[in-house]
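Below is one structure, written out as structure tokens; the observations come after it.
The values are calculated or read from the model by the stated rules, or taken from the named source; none is laboratory data. Please read these numbers as outputs of a predicted model, since none were measured by experiment. All Cβ positions, glycine included, derive from the backbone under ideal geometry; neighbour counts span all protein chains shown. With ligands, DNA and RNA removed, areas are computed over all heavy atoms of the protein, side chains included. Shrake-Rupley method; radii C 1.70, N 1.55, O 1.52, S 1.80 Å.
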Amino acid sequence: MANINLPIFENLDPESLEEYYDVYFDFNNTQVQIDLNFDNKSIDIKRLDIVKRFINNIRIHDLNNKKFIKQDFDNKNGETARIYVENHLAELALDDLDNLIGSDSKSNDKPGLLLNKLHLVRVGLYPDSEEQFAIFDYTIGKELTDYLVVINTDENGNLDYMTIES
């Protein structure tokens, strides 16, 4: 079987896969890790075509994920983005917070400003997994926190669930 050319990853042999591949790519003026994870040594070429389409649409998936994050944040009972922002507003050193969102920010503007600092740092793809297809990790800054807003989606980018992880 012929190799398949995947964006960012280049050529993969669907009959001789490694368990893990990872690369970094430029995305919104930052380096984002993308990794491919396989349970088996081979995969149907159609699954890799889905991966190819998914990678080509990462910008769209990121925009959709940010909508999911914003909806959770706007929900007074939000269990992920709202908690992530509130905890970081309480726990970050004042200097770090000022450097991130500006020292002249009004206190009622700070939650929204901090939310806007969430950015993509990793996309994990699991094309032969039955549990999830893609995992997106978002942070306000790796140097500021170990905590991530993590979004799990299906192969079409539809939200499965969102959580906080470290």
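What about HIS61, is it of a type outside the set (Asp, Glu), in contact with a helix residue (DSSP H, G or I) (Cβ under 7 Å, 6 or more places away or on another chain), in a helix (DSSP H, G or I) and surrounded by 19 or more Cβ atoms within 10 Å (Cβ to Cβ)?
When the stated conditions are applied, HIS61 does not pass them.
Scan the range 16-33 for residues that are part of a strand (DSSP E or B) and under 21 Å from LYS117 (Cβ atoms) and jot them down.
TYR24, PHE25, ASP26, PHE27, THR30, GLN31, VAL32, GLN33
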*Quick one: which strands (runs of 3 or more DSSP E) sit completely within the range 106-166 and have at least 1 residues that are free of Cβ contacts under 8 Å to residues at least 60 places away in the same chain and open to solvent by 20 Å² or more (accessible area, probe 1.4 Å)?*
134-139, 148-153, 159-165
_Subset of the range 1-44 that is open to solvent by 50 Å² or more (accessible area, probe 1.4 Å) and aliphatic (A, V, I, L, M) - its residue that is nearest to GLU131 (Cα to Cα)_ = ILE8
*asked:* I'm trying to understand the selection: among the residues of the range 118-141, which are out of contact with any helix residue (DSSP H, G or I) (no Cβ under 8 Å at 6 or more places or on another chain) and modelled with pLDDT of 95 or more?
replied: HIS119, VAL121, ARG122, GLY124, TYR126, ILE135, ASP137, THR139
*Looking at (1) open to solvent by 80 Å² or more (accessible area, probe 1.4 Å); (2) modelled with pLDDT under 90; (3) not aliphatic (A, V, I, L, M), which is the only condition GLU91 fails?*
(2)
